[in-house]
1. Restricting the range B:65-109 to residues that are more than 14 Å from every other protein chain (Cβ to nearest Cβ) and without any contact (Cβ under 8 Å) to a residue 24 or more places away in the chain, which is surrounded by the fewest Cβ atoms within 10 Å (Cβ to Cβ)?
2. Working carefully through the options B:157, B:186, find the one that is under 24 Å from residue A:275 (Cβ atoms), touching a strand residue (DSSP E or B) at 6+ places or on another chain (Cβ under 8 Å), modelled with pLDDT of 95 or more and surrounded by 20 or more Cβ atoms within 10 Å (Cβ to Cβ).
3. Being within 7 Å of chain A (Cβ to nearest Cβ), outside any strand (DSSP E or B) and farther than 10 Å from residue B:269 by Cα is the filter here; which residues of the range B:281-301 pass it?
4. Scan the range B:225-238 for residues that are surrounded by 13 or more Cβ atoms within 10 Å (Cβ to Cβ) and either in a loop (DSSP other than H, G, I, E, B) or more than 22 Å from the chain's Cα centre (by Cα) (or both) and jot them down.
5. What are the residues in the range B:260-270 that are surrounded by 20 or more Cβ atoms within 10 Å (Cβ to Cβ) and either under 21 Å from the mean Cα position of the chain (by Cα) or assigned to a loop (DSSP other than H, G, I, E, B) (or both), if any?
6. Kindly indicate whether any position in the range B:273-280 is at the interface with chain A (Cβ under 8 Å from one of its Cβ atoms) and either modelled with pLDDT of 95 or more or part of a strand (DSSP E or B) (or both).
7. Being more than 24 Å from the chain's Cα centre (by Cα) and either more than 7 Å from chain B (Cβ to nearest Cβ) or over 21 Å from residue A:277 (Cβ atoms) (or both) is the filter here, so list the residues in the range A:288-310 that pass it.
8. Out of all the residues in the range A:201-256, which are crowded, with 19+ Cβ neighbours inside 10 Å and more than 26 Å from residue A:173 (Cβ to Cβ)?
């Protein structure tokens, strides 16, 4: 029978403070749960959002992290889908396959309450520690409900495919599944972090003829072009609003735009950059702090405003597809990885991301050291 | 006709200034130039969009103008190079043209037309109507509060000669706008649940469209309980008065439908209602369509509403391409698949246009059809 595991984790005790490497206790998996040894995880903007922007009062202490890959260590009673040794990716957006959302091809959402209310399996210094996004992957071990775990090809290199747990699917899927970019079309991607670059990659995979990458940082242009961007525009280089610049470049506006920043002003610009008659704008970047705004005639003339989480991929199905696409060389991941560090260096990783100088994807190797009670 | 090639002197209701009653004046209507058609307007409806520009938007630079964009008439004469129409044809003018040549006309995704979309073919320099020596703007390119009007042939739809003009005039805007919003733009699916906010002519037409598309449940929402009955005649299964509830309307509807409606249509033109209409949609697949018009304020929403899977759209003229869609809707009426009579609550003469405006402002009518010229 599984016992409690004592292991290392990066704990966020308070908002807006560095994470602290602590020893935590990870309970054994209960019915329908799986305990996973995390092999590699990356830092995503949404982790930082919780720590520095959203900062919900009841959101701490927590273990952050939601983009990872690992190996099943043990399973709870009634788990038949997984066994120890399986390579897996945890899902912040579960797929139960039973609710009306899972049964609809139109969405990757899941019924409310599927993940909420589950008790944390982490304690530290006698206190319960929240499992952020249900995944909490800045920990050597996690316990998670089996509906939130995707089994992946055993040939997959975990230190690369961990990115499929969030950023890559989120951006790529926004273009392919949500915007449904068509061959020969013109696209604009706002924000060239990992999600934006993945969106560029998705637009290219979907056959876009022209992909305009937009960012305030000219250093981002090169990688965007490696991944398929045909143009780069820096709004700071122009006196006109960005939507006017893009409309001027594209005979009235782009067919598809994707917002990968999480800023409501950029979301507005992204919509306004679309062609009135049929333009589709997809919001991918995350914020819960402000409203989006637009004048009604922008929609009345024919534009569509959408958004997506996890690129519209159903968790279990989509993740295993995307891992296979990588193994079949239809998807690039290496280009996104700019740094490799260990869990102990997580605060350095966070600093790098905050400075925005890099491509926002860093892979952390979790220390193999483990201690059983 | 005897008037062909000559200037016609006739009656029109002129808006000289914003926010003032219209004035019945004598106007001069030039003969149609190349590719133009001169139409005797037989019947015209009055639409909230006419009032919007007169009473809300009030852009001084647009005046003087002749309102009216929802009408039916008979071709009086045609200009050079017009082969599609001849005198005597029954027609409906289009405030969105369909040239069939531009990239928009060639694309099934849109009903816009690059050659003459709303606001472009009402350039005053091109006006064919003068009054007291001044050119008067042909607002929306149609100007149907005039016994005669001149329109480019790309903005005219030929209709079945059997069509009664005093009914099918409504297909020129309100009916097509609402019906099409449901059928073409929201793309309501059979068995679905819909909510329609605002039960003026557009909203009632949207209810009719939801029903035609096979919706199982159509929740009609209005703050005036008198609107319930007609909504039910046209297919609404439920009526909700927002004022009867303390909770926000989006919450009321979400609770009535275990999570939200599949499709919502905003037919009021109010940004708060547009927000509520979005919020009452189900996450995952809900689609909200803005049909009512305003450009005075922003719509606002929390990004998560879209990120959890709702789609926000809008439409002009219900997504119908004018020349293709209007004759089909007329045929639908003649085949009794679309109702029009239920929408006509008042009949008046052009002279009474200001009374018609008052009725609409007070919400005391659905549609008033103005008899503009005898047939």
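The values are calculated or read from the model by the stated rules, or taken from the named source; none is laboratory data. These numbers were taken from a predicted model, which means no experiment stands behind them. Reconstructed Cβ throughout: ideal geometry from the backbone, glycine too, with neighbour counts over all protein chains shown.
1. Let us first name the residues in the range B:65-109 that are more than 14 Å from every other protein chain (Cβ to nearest Cβ), namely B:65-94, B:100-101.
With without any contact (Cβ under 8 Å) to a residue 24 or more places away in the chain added as a condition, the list becomes B:83, B:86, B:88, B:101.
On the way: B:83: 7, B:86: 12, B:88: 10, B:101: 12.
Applying the filter and picking the extreme gives B:83.
2. Working: B:157 fails: under 24 Å from residue A:275 (Cβ atoms).
Answer to the selection: B:186.
3. Start the filter on the range B:281-301 by keeping residues that are within 7 Å of chain A (Cβ to nearest Cβ), which leaves B:283-285, B:290, B:293-295, B:298-301.
From what is left, the residues that are outside any strand (DSSP E or B) are B:283-285, B:293-295, B:298.
Correct list: B:283, B:284, B:285, B:298.
4. Correct list: B:234, B:235, B:236, B:237, B:238.
5. We begin by selecting, within the range B:260-270, every residue surrounded by 20 or more Cβ atoms within 10 Å (Cβ to Cβ); these are B:260-269.
Listed by number, the residues that qualify are B:260, B:262, B:263, B:264, B:265, B:266, B:267, B:268, B:269.
6. So in the range B:273-280, the residues at the interface with chain A (Cβ under 8 Å from one of its Cβ atoms) come out as B:274.
Applying the additional criterion that residues be either modelled with pLDDT of 95 or more or part of a strand (DSSP E or B) (or both) yields B:274.
Checking the range B:273-280: at least one residue is at the interface with chain A (Cβ under 8 Å from one of its Cβ atoms) and either modelled with pLDDT of 95 or more or part of a strand (DSSP E or B) (or both).
7. At the first step, the residues of the range A:288-310 found to be more than 24 Å from the chain's Cα centre (by Cα) are A:293-303.
Correct list: A:293, A:298, A:303.
8. Result: A:245, A:247.
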